[in-house]
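S.K.: Quick one: this structure, given as structure tokens, is what I'll be asking you about.
The values are calculated or read from the model by the stated rules, or taken from the named source; none is laboratory data. A quick note: this is a predicted structure, and the numbers were derived from the prediction, not measured. Backbone-built Cβ (ideal geometry, glycine too); neighbour counts: all protein chains shown. All accessible areas refer to the heavy atoms of the entire protein, side chains included, with ligands and DNA or RNA removed. Shrake-Rupley method; radii C 1.70, N 1.55, O 1.52, S 1.80 Å.
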Amino acid sequence: MIAEYFLSLDPLALLRAMPGTAAQGIIWGIMALGVYITYRILDFPDLTVDGSLATGAATAVMLIQGGMSPALSLVFAGMAAGMVTGLLHTGLGIPGILASILTQVSLYSVNLGIMGKSNQGISLTQQGLVASSRYVTGDDRVFFFLKLILGCLILVAIVYWFFGTEMG
């Protein structure tokens, strides 16, 4: 019975799922790098990243629907959320962990305000979306994900270099 189950599995289905799994792992890895930087290097327990991840997505969806570039739309929300946490901590003297929790919880309401309703979508027919693999053919798929991995490695190298400088 167990042998029949394992024989019925399709190993190619696992291989077909790998690009999406790798892309999602890279995204979560970059978020984990941000958490590591705040906890270990800056010694500031910052939980803002949990709320700002969804805020970045909400902002990106609305800006992409408005015609903005997907890459540019991802930058603004995270910086604004971090600034709010910093202002709560430095300006009002709230402890770092509490300031970040306040920001994180308030961002869930801010997300609803940004989107106007509980869910917004992006049409897969929009060209140029990184998240849409509809336009990545079988021949381009490996090159597409290699570019993604290379971009993440460049980001890690820049962060590593920056923390080696005096300002870092």
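S.K.: When the accessible area of the chain is computed with all protein chains present and a 1.4 Å probe, what percentage of it is carbon and sulfur?
M.R.: About 71 percent, which is the carbon plus sulfur part of the accessible surface.
S.K.: Tell me the relative contact order for the chain as a rounded percent, counting alpha carbon contacts under 8 Å between residues six or more apart.
M.R.: It rounds to 23 percent for the chain.
S.K.: Let me ask another. Using +1 at the Cβ of each Lys and Arg and -1 at the Cβ of each Asp and Glu in the chain, identify which of Ala60, Thr85, Thr21 lies farthest towards the dipole's positive end.
M.R.: Toward the positive end, the furthest listed residue is Ala60.
S.K.: Just from its helices, what would the mean residue ellipticity at 222 nm be for the chain, if runs of 4 or more DSSP H residues each count -39500 (n - 2.57) and the sum is divided by every residue, rounded to the nearest 500 deg cm²/dmol?
M.R.: Values: 7 runs with 116 residues, N = 168.
-23000 deg cm²/dmol, from helical runs alone.
S.K.: Follow-up question, since we're still on this one. Leaving out ligands and nucleic acids, note down the accessible area per residue over region 1-119 with a 1.4 angstrom probe, in whole Å².
M.R.: Roughly 65 Å² per residue, with all protein chains present.
S.K.: Let me cross-check Val84: its accessible surface, 1.4 Å probe, with only protein heavy atoms counted, in Å² to the nearest 10?
M.R.: Roughly 70 Å² of Val84 is accessible to a 1.4 Å probe.
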